[in-house]
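> Encoded as structure tokens, here's the structure I'll be asking about.
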Amino acid sequence: MIQLKNLSREFQVGNQVVHALDAIDLAISEGEYVSIMGVSGCGKTTLLNILGLLDTPSSGDYILSGINTSEMNDDEMANIRSTKIGFIFQSFHLIPRLTAAENVEIPMILAGHSQKMRAEKVAQALARVNLTDRSDHRPEQLSGGERQRVAIARSIVMEPEVLLADEPTGNLDSTSGSEIVELIEELNQGGLTLILVTHDKEIGKRSNRVIRLLDGKIISNQTQQGI
Amino acid sequence: MKFSDLLFLAFSSLIRYPLRTMMLLIATSIGVMAVILLTAVGEGARDYITSEFRDLGTNLIIVIPGKNETSGGGGPADFAGLAPRDLTVEDAISLRQIDTIKAIAPIVLGEMPASFGGFERNVPVIGTTPEFLRVRRWEMREGDFLPGVTLDRSPPVCAIGKEVEKELFGTSRAIGQWLRVGDRRCRVTGIIDSDGRAIGIDVQKIVVMPVSLVTALFNRPSLFRIIAEAESRIYMDQIKKDIIRIIKKRHQGKEDITVVRQDTVMASFDNIFNVLTMALASIASISLFVAGILIMNVMLVAVSQRQSEIGLLKAIGAKNRQISNLFLTEAILLSGSGAILGLILGHSITLSLKTIFPTYNFLPPTWASVVSLFVALICGALFGLIPARRAAKLDPVIALSGEK
């Protein structure tokens, strides 16, 4: 479902060109659980941003569900992000002035869905992450783990095909961290393609496949046997 | 995105930053309030000045002593005539030869103590002829207005305003009584029912006497002005020329009077005050403009403060247009509610001014409210556009990495 062909991403830093991603070839199929690992600065976040259509490659092709994304305009990309991709961030990125339920509702508001449908889906998503009783709380009234669960609910409320998680446990203690990992693994078992950026080896071990990056290049791409 | 959701999101961020929102509301409301107040003052001034002319009859020609224009040439002859010659009752009588004039009402003005019984008070005294009643469109409550008086006949009679009657005569009947004005005595023949102002004087407080009596009373022959009523509008320009010709001949060939048509005076006053009110409104609009710039600045700051929020919105599928609409809606919501606040403030202040100063008619024109509301909204939209565009163009990767 995801195919990267000879994909590069360069940044101009001062008068130096930095190759954040250097001629990457990668294929990820539907329902896979892939972790991307590497030291910081190796290009893993850039890769995730490109996969999430937040960033565009300098050269090469990214084919998502058979569509070459380099031909898309801003609105089309926004559409794909809205309907096919869910994001989870290390720092949650909840909107502080809105309640948990309202935060979860925003992707549906942006997509222009009806009030009735929104209420239904938001309730489902919150139930899925076990936060039904917290729906009226604001982010500051929630614990870190709960905040990340709100963010997960928000990422799945539009029923995407791919879930992109950027260090989702980075700001959490180990207990709530493993709860979060278990939660997104459950989502993966439900058929959602899961791509996880982490430098936590323990988490990396649990995935079907580990992709290691160094200096913008894939140095290993191993499929491993179950958990 | 639905409009109601857009409003909800914009509104939620406005109440999230109450201080910022308050400041911008105050800035905008001061702008709108300034427009309302200044135009109300302008309209009040117009109303005050033109009220005198408004009550006058039609087809009136006003003769005023002195001439303001420089009358060509110059030279010693003009030097000698620097001080304008008095306009006298005799001049007024000479105007009778113009047969298209229906009525002539000369006016002399002054202040004198008036007394009856033990009561005395200073009153404005107007000397004129019975025609003045028609020219001014006054009504009599009882009795007659200067009976038997003409330009050259001055029986000792007078008409008084309602307040003079109340204060000097109290409950006793004023008609037929002898009122002492200065060193003269005159019989009260009528009570004027009208109120309002004439030549800047409160009608209820005046005493009106025959013109020659008043010139003698003040020991001064000069008239304040002469009002002539034309038979018809079509004669007015001819009458104007005739008046100038006759008076000039009487004043040794010097054109030392100003003759104006009441309708043109009225029109030019109206023009002047329209311009004045517009000028005041545009000065006040500058503060609206300033408020707009303030909104722009604060919105620009908000865009950089809320980078990560914008990045997030993009990550979860917001189109550029939706982001810019969101910020634009915030700006318009701010300027709109500021404007409404300003309208409420402006109108309540003019209302309270009106109760404090009842003689001035502070009336903010409707167009001022409408225009200032629209200008505020347009300012909000225009100045909101730049921050909104900046927000929409934000690179989501950079926006999200700003970990705030």
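The values are calculated or read from the model by the stated rules, or taken from the named source; none is laboratory data. Bear in mind that the values here come from a model prediction, so they are computed numbers and not experimental data. Quick reminder, even Gly has a Cβ in these numbers, built from the backbone with ideal geometry, and neighbours come from all protein chains shown. Areas reflect the complete protein model, heavy atoms only, side chains present, ligands, DNA and RNA absent. Shrake-Rupley method; radii C 1.70, N 1.55, O 1.52, S 1.80 Å.
> With the radius of gyration and the Kirkwood radius both derived from the Cα set of region B:285-375, what is their ratio Rg to Rh?
1.19
> Let me ask something else. Please state the charge dipole magnitude for region B:73-225, taken about the Cα centre, from unit charges on C-beta atoms (+1 on K and R, -1 on D and E), reported in debye and rounded to the nearest 20.
Computed charge dipole of region B:73-225: roughly 220 debye.
> Which Cα, out of A:Ile95, B:Ile206, B:Ile98, lies furthest along the positive dipole direction of the protein assembly as shown (beta carbon charges, K/R +1, D/E -1)?
Positive-most Cα among the choices belongs to B:Ile98.
> Report the calculated FRET efficiency for B:Ser4 and B:Ile340 (r = Cβ-Cβ distance, R0 = 25 Å), to the nearest 0.05.
Approximately 0.80, to the nearest 0.05.
> Taking every residue in A:77-86, how many Cβ atoms of other protein chains lie within 10 Å of its Cβ, on average?
Per residue, the number of nearby Cβ atoms from other chains is 4 on average.
> Cα centroids of region B:312-328 and region B:365-385: how far apart, whole angstrom?
What the calculation gives is 26 Å, centre to centre.
> Pull up all non-local amide H partners of B:Arg141: gap of 5 or more, or a different chain, and H-to-H distance under 5 Å with H placed in the peptide plane.
Those lying under 5 Å, H to H, from B:Arg141 are B:Ile191, B:Ile192, B:Asp193.
> Taking the convex hull of the Cα atoms, report for the protein assembly as shown its projected area averaged over all directions, in nm².
Its average projected convex-hull area is 46.0 nm².
> For B:Lys102, list long-range residues whose amide hydrogen, built 1.01 Å from N in the peptide plane, is under 5 Å from its own amide hydrogen.
Close amide H contacts, sequence-distant or interchain: B:Glu229, B:Ala230, B:Glu231.
> Could you grab the relative contact order for chain A? Cα pairs under 8 Å, six or more apart, rounded to a whole percent.
Over chain A, the number comes to 29 percent.
> Taking only complete DSSP H runs, can you tell me which helices of chain B stretch 18 Å or more along their own long axis by Cα positions and average at least -1.0 on the Kyte-Doolittle scale?
Result, helices passing both filters: B:3-16, B:18-54, B:236-250, B:262-305, B:320-356, B:366-393.
> Continuing with the same structure: Obtain the nm distance between the two label points defined at B:Leu382 and B:Arg137 by a simple spin-label model: each point lies 7 Å from its Cα along the Cα-to-C-beta direction.
Distance between label points: 4.2 nm.
> Oh, and also: I want to check the label-to-label distance for B:Thr100 and A:Ser114. Put each point 7 Å from Cα in the C-beta direction and report it in nm to one decimal.
Computed distance between label sites B:Thr100 and A:Ser114 equals 7.9 nm.
> Related question: With 20 Å bins from zero, work out the P(r) of chain B over every alpha carbon pair and list the percent per bin.
Spelled out per bin, shortest first, that is 22, 34, 22, 17, 5.
> Classify region A:17-78 from the C-alpha gyration tensor, please: rounded if a/c falls under 1.5, else prolate or oblate depending on whether a/b exceeds b/c.
Oblate, since a/c reaches 1.5 and b/c is not below a/b.
> While we're here: So, with +1 on the Cβ of K and R and -1 on the Cβ of D and E, and no other charges, what is the size of the charge dipole of the protein assembly as shown about its Cα centre, to the nearest 20 debye?
Dipole magnitude for the protein assembly as shown comes out near 1840 debye.
> Using Cα positions and a limit of under 27 Å, work out the lysines in reach of A:Lys205, with same-chain residues fewer than 8 apart set aside.
Filter leaves A:Lys5, A:Lys44, A:Lys84, A:Lys217.
> Compute for chains A and B the buried accessible surface, both sides summed, probe 1.4 Å, and express it in Å² to the nearest 100.
Approximately 2500 Å² gets buried when A meets B.
> Now for a different question. Report the calculated FRET efficiency for A:Glu30 and B:Arg16 (r = Cβ-Cβ distance, R0 = 41 Å), to the nearest 0.05.
Using R0 = 41 Å, I get an efficiency of 0.55.
> I would also like to ask the following. Over region A:68-147, what percent of the accessible surface lies on carbon and sulfur atoms, probe 1.4 Å?
Solvent-exposed carbon and sulfur of region A:68-147 make up 43 percent of the total.
> Taking the Cα-to-Cβ direction at B:Met278 and at B:Arg184 and moving 7 Å from each Cα, how far apart do the two end points lie in nm?
Output for this residue pair reads 4.7 nm.
> In the protein assembly as shown, which Cys residues have no partner Cys with a Cβ closer than 4.7 Å?
So far as the 4.7 Å Cβ criterion goes, A:Cys42, B:Cys379 stand without a partner in the protein assembly as shown.
> A further question follows. Calculated FRET efficiency, A:Leu214 and B:Leu300, Cβ-Cβ r, R0 45 Å, to nearest 0.05?
Calculated value: 0.65.
> Related question: Which is the longest run of chain B containing none of the GluC sites (Glu not before Pro) found in DSSP loop states (not H, G, I, E, B) with at most 12 other C-beta atoms within 10 Å?
Here the longest segment lacking exposed loop sites spans B:140-402.
> On to the next question. Could you pull out every residue, at least 5 positions away or on a different chain, whose amide H is within less than 5 Å of the one on A:Asp166? Hs are placed 1.01 Å off N in the peptide plane, and Pro or chain starts have none.
A:Ile88, A:Phe89, A:Gln90, A:Val197
> Write down the Å³ per residue value for the convex hull defined by the alpha carbon atoms of region B:73-226.
Per-residue hull volume (Cα only) is 129 Å³.
> Compute the accessible area per residue over the protein assembly as shown, keeping the other protein chains in place, probe 1.4 Å, unit Å².
Computed with neighbouring chains in place, this is 46 Å² per residue.
> Another question, then. Going from the alpha-carbon gyration tensor of chain A, what semi-axes, largest first and in whole Å, does one get by taking the root of 5 times each eigenvalue?
Each semi-axis is the square root of five times an eigenvalue, giving 29, 20, 17 Å.
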